[in-house]
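The values are calculated or read from the model by the stated rules, or taken from the named source; none is laboratory data. Bear in mind that the values here come from a model prediction, so they are computed numbers and not experimental data. Note that each Cβ is placed from the backbone with ideal geometry, even for glycine, and that neighbours are counted across all protein chains shown. Please note that ligands, DNA and RNA were not included when accessible areas were found on the heavy atoms of the full protein model with its side chains. Shrake-Rupley method; radii C 1.70, N 1.55, O 1.52, S 1.80 Å.
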Amino acid sequence: METYSSTGVSDSGLRTSSTRSTFDEPSHPYYLHHSDSPGQVLVSQLLTGENYTSWSRAMSLALSVKNKVGFIDGSIPIPQSADPPLLNSWTRNNNIVISWNLNSVSKEISASVMFAASAREIWLALWDRYQQRNGPCISQLKRELMNLHQDKDSVNTYFTKLTTLWEELNNYRPHCSCGKCCGGVKDLIDYYSMEYVISFLMGLDDSFSHVRGQLLLMDPMPPLNRVFSLVVQEEQQWRIPQVLSSHTPTDTMAFTFKSGQPDVHKPGPFF
């Protein structure tokens, strides 16, 4: 038997009204902003297959900003209750996330997951196909790291190439997110950080041998960003003499003479 409040609204009506007001809160995962359209593209680079690691990272960040990660990681499953407003809200959000996924992959991949029932089903299907946690992939990344050198690149360009390879390799390493592990995890992280710094220093040109030697002798070794800053400063210092030497004494004297003496070919004033 349905009961009513003193305002004449039934209990079921109160629950529905309360549910809707909760969904209107921006912090609720069922909340949809007016800009959350099905045609949005959340990442700058579409998934083509080879770039799954960087794509999934970018997509996860974008969905996190939208507060919709729960629709791909399974933490927001389809409601089991027979509450029409709740089910309708879940369906709308699920379809929005499906659209965002389809918009963020190539046309060939999109066609293969077009009829998936949920956003999580698409996410798992793409993970099964393209996420390669195997020896050959790790071996290839390490080989590229070993062969990477600055050559004629600037320090910034070389550092960007190194960081791209290193972060992709780091994705294959085991991670702990529980916050309850022993200090051994921190020691391992510190070791990886030191290895990162050494990889960066060893790939630099021989012109940085002096600063490289000084940094390798430091104990403890500075963090990567500090090392990068010091190397860039060194690069800027030895570039200044090169710029100055490009103006030869002959050019300077010619410029001084030309600016300080009248042009003999120029006709004088008429008296």
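Within the range 72-90, residues that are at pLDDT 90 or above and part of a helix (DSSP H, G or I) sit with their Cβ atoms under 6 Å from residues that are among the small types (Gly, Ala, Ser) and open to solvent by less than 70 Å² (accessible area, probe 1.4 Å), at 6+ positions apart or across chains, in these pairs: Ile72/Ala119.
The residue of the range 113-128 that is farthest from the chain's Cα centre (by Cα), among those that are open to solvent by 50 Å² or more (accessible area, probe 1.4 Å) and under 17 Å from Asn171 (Cα atoms), is Asp128.
What about Val232, is it in contact with a Leu (Cβ under 9 Å, 6 or more places away or on another chain) and open to solvent by less than 40 Å² (accessible area, probe 1.4 Å)?
When the stated conditions are applied, Val232 does not pass them.
Open to solvent by 50 Å² or more (accessible area, probe 1.4 Å) and touching a residue at least 60 places away in the same chain (Cβ under 8 Å): does that describe Asn156? Against the criterion (open to solvent by 50 Å² or more (accessible area, probe 1.4 Å) and touching a residue at least 60 places away in the same chain (Cβ under 8 Å)), Asn156 qualifies.
Taking the criterion of being open to solvent by less than 100 Å² (accessible area, probe 1.4 Å) and out of contact with any helix residue (DSSP H, G or I) (no Cβ under 9 Å at 6 or more places or on another chain), the residues of the range 138-153 that qualify are Ser139, Gln140.
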